[in-house]
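Colleague: So that we are looking at the same thing, I have put the structure below in structure tokens.
The values are calculated or read from the model by the stated rules, or taken from the named source; none is laboratory data. These numbers were taken from a predicted model, which means no experiment stands behind them. When we count neighbours, we look across all protein chains shown, and the Cβ atoms used for this are built from the backbone with ideal geometry, even at glycine.
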Amino acid sequence: MFLVLINRSCTCLVHALAENNDLNTENANDNFGDENILNVESSENVSAMEEDLHDCENVVPNSWTSEQAQYFLKKYNGLIIEGKKLGCSHCAKTAHLGVLGGKSLHISSEWQKCTIKASGTEKSSASFIKKKKNEGTFRIKLSFEKPLTTVIDKLTEKNIAITSKIFNIVYSLVKRNRPMSDMEDEVELQIKNETDLGNCLHSRFSAIRNVEHIAELIRKQIFSKIIENDSKICIIIDEASTISNKTVLVILLKCELQDSSPTVFLNLVELESTKAENIYNALRHMLTDTRFDTAYLKKNLIGFCSDGTSTMLGHKSGVATRLIQDFPNIIIWHCLNHRLQLALDDAINDINEISHFKIFLDKIYAIFHQLNKSQFELKQVSEELYIEIIKIGLVFGPRWASCSLRAVKAVWRAYPALYTYFSKNQKFSGMAKRLKNKEFLKDLALMIDILDEFALLSNALQARQLSLTKADKLIKRTIFEDNVRFKSLPRDKVIECIIEKMKARSLNKNHIKYKEDNLGHSHDTPKIVELFNVMDPTSWNIEEVRLPWKSGEEKVHELSKFIKFVVDLNDFRDYVENNIQSKNLPEPETIRKAKQIMNTIAISSAEAERAFLLMNIIYSDKRVNLTIKHISSFMTINSLGKPLSSWNPIPYVKSWMRSHRSTLDTRVHVSNTKDYGEDQEAIWKLLPN
């Protein structure tokens, strides 16, 4: 093993060699010559480069012969020769000595970069190492069969154990969405409980750096594994604004794994502009930084899901259009939850009765949302009538059906209080007259029933593990013309219009894009749901299925283009036979994998909305100093990190200590004692010690 040895005056660097499994530090005499240089035993591992030494004159240093080079390569484990210069393979693999490093001990950059060269031309190995005599030097006898980082971790076990306690505190704060300003109070509590936490890494600034380090390592571990497994992926993106009006892009990946298809938070990116070009460049840049290069995406990217804004799904220059130009045959999917709300909005705009009803409810919302006095008076009326009311929100608008349902139900529950309040106030006499009309109650009841169905479907479509075939069944079941929930309701025109709009928005295939080749040859949009149903026996007409099932095999062949995975034809025939004859045999491997890939295609961007919800919890009005990078790190740990009870901080601490301070580092500024004031201390003197 090669390691830099520094003399006490820090003026002489000596590169030592060692072969023992222990680490010993021993003081040398103040005056010693070249004979004091440490010798080590021969290593069993001989570099493969020695076989080429005889044939390559340009490899061996000028001051050595080929025989000498072979001798030293055998003797010193880790020695490398490149371009007539010497280097150390162990030093090259170790960037930093961690907490052992400092002004007096560090890795030699010359040995690390293989730049050691002879100081003369004579045929002597001594010309490679020149030392100043009569200078005090300490020597470290070091070498192992294990990597240097492993030995460093062994030497710093106490540092690791204590620093792990600090990391546990930081991790707990992040998981509980607590601000890092709580760090010093948490440390104070643990010290009060006589827990040894050292004297460093106690501030909120150190805690932020710990969070960034943990989040970076979590991302690296997860996405390296995904790339290593060659998993198929689907991209989910959405953009929004933070509380400080910064525009951000949330990027998530739905990944095909062995047993499931989870959605993984990739990163949060600040956008300079909301133009499609900027969003696409930010997306590609982040994917590349995470090692999802173009070659990987061409092979494994199968889908893209987002909301229906022109920036995302615009036909001419939207993000999806740019993506499909670079990666043909991927499924571009418009979020089903957003399309469901668009269907409701279309029906409201087409029917005047609903439009007038919406205007009236919006007026109720405006009265109690803008005036605190009105809210207080309504609360008094509700208390007199013994009615518990909830906050009246906006009924329709850019929100999902479950939100509109809660707002309509709030009006329904507060109806007696609203009527009493408007009747007592002369300027709201028109509002009271409208509420008195029984037709208003019929309209309100109708909207509650309709929104109840919409909310049920919307919540079902937000499920994390929901396949396209299952979503298609849920939609068809909801918009069935003979839905008994609406049979007795008087407004047939409203129901028929809503069903028509839902069919137009949810069941058509216009939201799917793909391109057959790079030449721009467009083709008719395939019936994706029919292709996917070939893998779902519950959607088969068993009476028409016969072996060999030619039409089914044609669909499987077409399906393979989209999922970028070839299903074995014999496996498909076995799968069909097993289901026809109800043999209950395990699914063939290629069928199982194909179904898992199909589940990887996201049909809703609900996960992006959940990510924004988490972002708003973290980035509150009291934590506006957090940068987007900090928020992303918090979100990574919160959404991807294990629970605190099962999280092991040691790997993260070891990685941290290889390039940062430990909690036992004494080079730290001592914080000032808190000054509580004379009055407070005078009161405390009255209390027993």
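Colleague: Starting from residues that are closer than 13 Å to HIS630 by Cβ and touching a helix residue (DSSP H, G or I) at 6+ places or on another chain (Cβ under 6 Å), keep the ones in region 182-209 and report whichever is surrounded by the most Cβ atoms within 10 Å (Cβ to Cβ).
Modeller: So the residue we want is ALA207.
Colleague: Further, regarding this structure: It is to be established whether one or more residues within region 591-608 are under 17 Å from LEU271 (Cα atoms), in a helix (DSSP H, G or I) and modelled with pLDDT of 90 or more.
Modeller: Checked against the condition, which is being under 17 Å from LEU271 (Cα atoms), in a helix (DSSP H, G or I) and modelled with pLDDT of 90 or more, region 591-608 yields at least one hit.
Colleague: Any chance region 131-152 includes a residue that's modelled with pLDDT of 90 or more and closer than 30 Å to ALA92 by Cβ? Show your work before the answer.
Modeller: Taking region 131-152 as the starting set, the residues that turn out to be modelled with pLDDT of 90 or more are none.
No - not one qualifying residue is present in region 131-152.
Colleague: Now a separate question. Select from region 574-623 the residues that are farther than 22 Å from GLY308 by Cβ and of a type in the set (Asp, Glu) and write down the one among them that is surrounded by the fewest Cβ atoms within 10 Å (Cβ to Cβ).
Modeller: First, the residues of region 574-623 that are farther than 22 Å from GLY308 by Cβ: 574-599, 614, 616-623.
Those still in the list that are of a type in the set (Asp, Glu) too: 574, 577, 587, 589, 621.
Values: ASP574: 17, GLU577: 14, GLU587: 16, GLU589: 10, ASP621: 7.
Once the filter is applied, the top-ranked residue is ASP621.
Colleague: Can you confirm whether GLU228 is among the acidic types (Asp, Glu), more than 26 Å from ARG623 (Cα to Cα) and touching a residue at least 60 places away in the same chain (Cβ under 8 Å)? Let's see the steps before the verdict.
Modeller: On the way: among the acidic types (Asp, Glu): yes; more than 26 Å from ARG623 (Cα to Cα): yes; touching a residue at least 60 places away in the same chain (Cβ under 8 Å): no.
When the stated conditions are applied, GLU228 does not pass them.
Colleague: Considering region 171-224 alone, what residues qualify as being closer than 20 Å to PHE265 by Cα and of a type in the set (Phe, Trp, Tyr)?
Modeller: Matches in region 171-224: TYR171, PHE223.
Colleague: Just checking, does region 194-210 include any residue being in a helix (DSSP H, G or I) and closer than 30 Å to PHE562 by Cβ?
Modeller: Among the residues of region 194-210, not one is in a helix (DSSP H, G or I) and closer than 30 Å to PHE562 by Cβ, which makes the answer no.
Colleague: Given the options LEU217, LEU249, LEU257, name the one that is of a type outside the set (Gly, Ala, Ser), assigned to a loop (DSSP other than H, G, I, E, B) and surrounded by 15 or more Cβ atoms within 10 Å (Cβ to Cβ).
Modeller: Matching residue, one of LEU217, LEU249, LEU257: LEU257.
Colleague: Which residue out of ASN578, ASN584 is assigned to a loop (DSSP other than H, G, I, E, B), farther than 28 Å from CYS234 by Cα and free of Cβ contacts under 8 Å to residues at least 12 places away in the same chain?
Modeller: Exactly one residue qualifies, and that residue is ASN584.
Colleague: Could I ask something else about it? Does region 460-480 contain at least one residue that is modelled with pLDDT under 75, loosely packed, with under 15 Cβ neighbours inside 10 Å and outside any helix (DSSP H, G or I)? Spell out how you get there, then give the answer.
Modeller: Of region 460-480, the ones modelled with pLDDT under 75 are 479-480.
Imposing the further condition that a residue be loosely packed, with under 15 Cβ neighbours inside 10 Å reduces the set to 480.
Cutting the leftovers down to outside any helix (DSSP H, G or I) gives us 480.
The answer is yes; a qualifying residue exists.
Colleague: Let me ask something else. Restricting the search to region 524-553, which residues are surrounded by fewer than 13 Cβ atoms within 10 Å (Cβ to Cβ) and not in a helix (DSSP H, G or I)?
Modeller: Listed by number, the residues that qualify are ASP524, ASN541, ARG546, LEU547, PRO548.
Colleague: Taking region 259-281, which residues are among the hydrophobic types (A, V, I, L, M, F, W, C) and under 15 Å from THR636 (Cα atoms)?
Modeller: Hits for region 259-281 are VAL264, PHE265, LEU266, LEU268, VAL269.
Colleague: State all residues of region 624-654 that are closer than 27 Å to ALA240 by Cβ, over 12 Å from the mean Cα position of the chain (by Cα), hydrophobic (A, V, I, L, M, F, W, C) and surrounded by 12 or more Cβ atoms within 10 Å (Cβ to Cβ); if no residue qualifies, say none.
Modeller: Of everything in region 624-654, those that are closer than 27 Å to ALA240 by Cβ, over 12 Å from the mean Cα position of the chain (by Cα), hydrophobic (A, V, I, L, M, F, W, C) and surrounded by 12 or more Cβ atoms within 10 Å (Cβ to Cβ) turn out to be LEU626, ILE628.
Colleague: Quick one: count up the residues across region 264-277 that are more than 12 Å from LEU323 (Cβ to Cβ) and either modelled with pLDDT of 95 or more or crowded, with 17+ Cβ neighbours inside 10 Å (or both).
Modeller: Within region 264-277, residues that are more than 12 Å from LEU323 (Cβ to Cβ) and either modelled with pLDDT of 95 or more or crowded, with 17+ Cβ neighbours inside 10 Å (or both) number 7.
Colleague: Would you say ALA682 is surrounded by 15 or more Cβ atoms within 10 Å (Cβ to Cβ) and not in a loop (DSSP other than H, G, I, E, B)?
Modeller: no
Colleague: Say we look at region 272-329 and pick out the residues that are polar (S, T, N, Q) and assigned to a loop (DSSP other than H, G, I, E, B); which of these is farthest from the chain's Cα centre (by Cα)?
Modeller: The extreme case among them is SER317.
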